[in-house]
Amino acid sequence: MKELVIATKNPDKKREIIRLLGGLRIKVISLDRYPGCPDVKEGSRSFRENAVRKAMAVSRFTGKPALADDSGLETDALNGRPGVRSSRFAGRGATYAQNNCKLLRMLAGRKAEHRGAQFRCVVAVCDYPRLAGTVEGRIRGRIAFAPKGRYGFGYDPVFIVPRYGKTFAQLGPKIKHRISHRARALRKAKKLIVKTAIKAPSRLPQDKSSGKSLISLCPCL
Ligand code: IMP
């Protein structure tokens, strides 16, 4: 069976991605199998660029096709913040609770109609050095006045899905995995995965220093 490495060290995102990829005839491999895999700095201003950088770095290191997700929360009142800085909104190493607390403090005094927000998720699939593509999923909602619910992770306790009038953390995984930004992105990504990791011919052995196929480097072939 063909393999795909999930390029994330965030156990919450990994769990969701693995569940959402269910049904594909593919062996999903966790990055835990590659403890030496270097961290990719998320320095850029776009989810897409971060996702591509992570997928490329992991595919290059592992020698296997890789999928990376870069995601976050954008609020209207804060001009899109925290955005690409979602995981470190309250500082490097901040906990989910600290990030939520900072967000609620910054939105204090704003009425429900001025608390609009969206989750975005960009997924990149690549087989180094080839980028199969990127896809995006979004979901609109609004920020609650206080955290509610016990499921999920990150900003789930403060993100209200208007159709249900409940936060993702109250709705639980069954509903979240049907409608979330990540679910929408991964549904689109399945086509890229099939093209890249399932139907693509097995990789030729590669030269580590140049990244070129050993067969194409061999003058007699
Ligand atoms: P990164 O993609 O690893 O930079 O992290 C994205 C950050 O955005 C996470 O640490 C969470 O704070 C937030 N985030 C992304 N997706 C979700 C989600 O589905 N629920 C709640 N928070 C999320």
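We did not get these values from a lab; they are worked out from the coordinates using the rules stated. The model shown is predicted, which means the values in this text are computed figures rather than measured ones. In this analysis, Cβ positions are derived from the backbone assuming ideal geometry, glycine residues included, and neighbour counts consider all displayed protein chains.
Here are the numbers for this structure:
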{"quantity": "Two-site FRET efficiency, Arg88 against Met1, from Cβ-Cβ distance with R₀ of 35 Å, rounded to 0.05", "calculated": "0.45"}
{"quantity": "Cα long-axis angle, helix 181-193 against the chain (0 to 90 degrees, to the nearest 10)", "calculated": "10"}
{"quantity": "Entries of Lys2/Lys41; Lys9/Lys54; Lys14/Lys54; Lys27/Lys174 with Cα pairs more than 18 Å apart", "calculated": "Lys2/Lys41; Lys27/Lys174"}
{"quantity": "Residue list for the stretch 121-165, given a label point 7 angstrom along the Cα-to-Cβ vector of Thr95 and an amide N cut-off under 17 Å", "calculated": "147-158"}
{"quantity": "Calculated P(r) tail over 20 Å for the stretch 3-207, as whole % of Cα pairs", "calculated": "56"}
{"quantity": "Inter-part distance where the stretch 122-150 and the stretch 160-179 are each reduced to a Cα centre, Å", "calculated": "15"}
{"quantity": "Degrees between helix 96-106 axis and first principal axis of the chain (Cα, 0 to 90, nearest 10)", "calculated": "50"}
{"quantity": "Residue exposure sequence - Ser59, Ser30, Ser46 - by fewest surrounding Cβ within 10 Å", "calculated": "Ser46, Ser30, Ser59"}
{"quantity": "Helix 47-62 axis, angle to the chain major axis (alpha carbon atoms, nearest 10°)", "calculated": "40"}
{"quantity": "Positive-end residue, the chain charge dipole about Cα centroid, Cβ charges, pick of Val158, Ala112, Val40", "calculated": "Ala112"}
{"quantity": "Proximal lysines to Lys111, defined as alpha-carbon separation beneath 19 angstrom and excluding residues fewer than eight positions away on the same chain", "calculated": "Lys102, Lys148, Lys166"}
